[in-house]
Each structure stands twice: as C-alpha cells, then as structure tokens.
1. Checking Asp29 against (1) surrounded by 10 or more Cβ atoms within 10 Å (Cβ to Cβ); (2) at pLDDT below 90; (3) in a helix (DSSP H, G or I), which single condition isn't satisfied?
2. Out of all the residues in the stretch 11-57, which are of a type outside the set (Ser, Thr, Tyr) and more than 21 Å from Gln78 (Cα to Cα)?
3. Residues of the stretch 83-103 being modelled with pLDDT under 90 and either closer than 22 Å to Leu16 by Cβ or open to solvent by less than 60 Å² (accessible area, probe 1.4 Å) (or both), which ones?
Amino acid sequence: MIRDSLQAWKKVTEQLLIELDDHDENNRDHMVDQVEKTLEIREQLQPSIQPPFTEEELIFGKELLPLEEKFAMKLKSQLRDIRLNISDQQRKKVSIHAYMDPYSQVNRDGTFYDKKK
C-alpha cells in the first residue's frame, strides 16, 4: 500500500509541471505565485515521506524520478528566462539613458584636443 503523502507528492509535482508550462510573459507573476504556493504544499508533505519504504513504495518512487527531473529542468528554464528578461531590461535602461544624455560618457577634464595637424 502506497502512503497518501507519496501519492499527494506525485499529484503536486504533476500540478507544478502544468503550472510551469505557462510561458506567457504577461502572466508570469501569477505563474510564479502559483508555483510558490504549490512548492509550499510539497514542503509540508516532505517530512511525512520517511523510510522505511515498502517494495511497492520503492517502485512508486522510481516512477517519480523522471517527473522530478522534468520538473527541475522546467524550473531552470523558467529561471533562465526570467534572468534574461531582467538583463534585457537593464540593457534597455542603459541605452535609453545614453540616448537621452549622449554626452554623459564624455570625459570632461577640461582639455581640448586639436584635430588639425
């Protein structure tokens, strides 16, 4: 007999995979909130999943491993996308500032360079 906590862990992991499939950037904040709430549920389930395990639970656990790997890959992918968006926003901010004040990068030490020979 498989423990209820293991079955709940599998359901929560499947729910996380569904939530991470949402790639809409406009809805990203909602997706992050949902993932955080679901991860909290998983965190609460974790203490109840302790050895000793029955043979049936060990087999069930081996079936969970591919789900966990898939979840980890999707989570890393979302994290990478968020980091890319943050760096893009920072780059845009710098380029907009440089466009608005093009002489801010000019060295103003008071020297004059004559271009004539």
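1. (1)
2. At the first step, the residues of the stretch 11-57 found to be of a type outside the set (Ser, Thr, Tyr) are 11-12, 14-37, 39-47, 49-53, 55-57.
Correct list: Gln44, Leu45, Gln46, Pro47, Ile49, Gln50, Pro51, Pro52, Phe53, Glu55, Glu56, Glu57.
3. Listed by number, the list holds a single entry, Ala98.
The rows are residues; the columns are (1) open to solvent by less than 80 Å² (accessible area, probe 1.4 Å); (2) over 17 Å from the mean Cα position of the chain (by Cα); (3) of a type in the set (Val, Ile, Thr).
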residue	(1), (2), (3)
Glu36	no, no, no
Pro52	no, yes, no
Glu57	yes, yes, no
Phe71	yes, no, no
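The values are calculated or read from the model by the stated rules, or taken from the named source; none is laboratory data. Every value quoted in this text rests on a predicted model; they were computed, and no experiment measured them. Neighbour counts are summed over all protein chains in view; Cβ atoms, including those assigned to glycine, are modelled from backbone coordinates with ideal geometry. Remember, those area values only see protein heavy atoms, side chains included, never the ligands or the DNA or RNA. Shrake-Rupley method; radii C 1.70, N 1.55, O 1.52, S 1.80 Å.
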